[in-house]
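As structure tokens, the structure follows; a few thoughts come after it.
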Amino acid sequence: MKIDRSFIQNSSEESDTIIRATLLMAKEFGCKTIAEGIETEQQRQHLSQLGTDYLQGFYFARPMNANDLISWYNENY
């Protein structure tokens, strides 16, 4: 289940409530969760602490073509 970047970018109590509800719903359905739009270390830590399974966003890497992805992966892993 994907958590939209609009909830990540708008750091508020209301957004956190929606994120927590999404995480609970995903768990009840046996789904994994992914938060999109992670751009800062603070966002990464916060979403990890809330229990999001996967994170994606510019914080990790910009979009790239397949050849660049292979090079990036080999350099970083």
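The values are calculated or read from the model by the stated rules, or taken from the named source; none is laboratory data. Computed from a predicted model, the values in this text were never measured in an experiment. Cβ atoms come from the backbone with ideal geometry, glycine included; neighbour counts cover every protein chain shown. With ligands, DNA and RNA removed, areas are computed over all heavy atoms of the protein, side chains included. Shrake-Rupley method; radii C 1.70, N 1.55, O 1.52, S 1.80 Å.
Applying the selection to the range 55-70, what residues are loosely packed, with under 13 Cβ neighbours inside 10 Å and not charged (D, E, K, R)?
Phe58, Phe60, Pro63, Met64, Asn65, Ala66, Asn67, Leu69, Ile70
Could you look through the range 33-51, keep only residues that are among the polar types (S, T, N, Q) and either touching a Leu at 6+ places or on another chain (Cβ under 7 Å) or farther than 13 Å from Arg5 by Cβ (or both), and pick out the one that is least open to solvent (accessible area, probe 1.4 Å)? Before you say what the answer is, go through the steps one by one.
At the first step, the residues of the range 33-51 found to be among the polar types (S, T, N, Q) are 33, 40, 42-43, 45, 48-49.
Next, only the ones that are either touching a Leu at 6+ places or on another chain (Cβ under 7 Å) or farther than 13 Å from Arg5 by Cβ (or both) stay: 33, 42, 45, 48-49.
On the way: Thr33: 5, Gln42: 144, Gln45: 85, Ser48: 52, Gln49: 151 Å².
Looking at the filtered set, the residue picked out is Thr33.
Suppose the filter is surrounded by 12 or more Cβ atoms within 10 Å (Cβ to Cβ) and either within 20 Å of Phe7 (Cα to Cα) or not basic (Lys, Arg) (or both); does Gly30 pass it?
Details: surrounded by 12 or more Cβ atoms within 10 Å (Cβ to Cβ): no; either within 20 Å of Phe7 (Cα to Cα) or not basic (Lys, Arg) (or both): yes.
Criteria not met by Gly30.
Does Thr17 count as of a type in the set (Ser, Thr, Tyr) and buried (at least 17 other Cβ atoms within 10 Å of the Cβ)? Talk me through it step by step, then tell me what you get.
Numbers: of a type in the set (Ser, Thr, Tyr): yes; buried (at least 17 other Cβ atoms within 10 Å of the Cβ): no.
It is false that Thr17 is of a type in the set (Ser, Thr, Tyr) and buried (at least 17 other Cβ atoms within 10 Å of the Cβ).
For the range 1-60, which positions are among the polar types (S, T, N, Q) and either in contact (Cβ under 8 Å) with a residue 60 or more places away in the chain or closer than 24 Å to Trp72 by Cβ (or both)? Write out each step before concluding.
Taking the range 1-60 and keeping what is among the polar types (S, T, N, Q), we get 6, 9-12, 15, 17, 22, 33, 40, 42-43, 45, 48-49, 52, 56.
Passing the criteria: Thr40, Gln42, Gln43, Gln45, Ser48, Thr52, Gln56.
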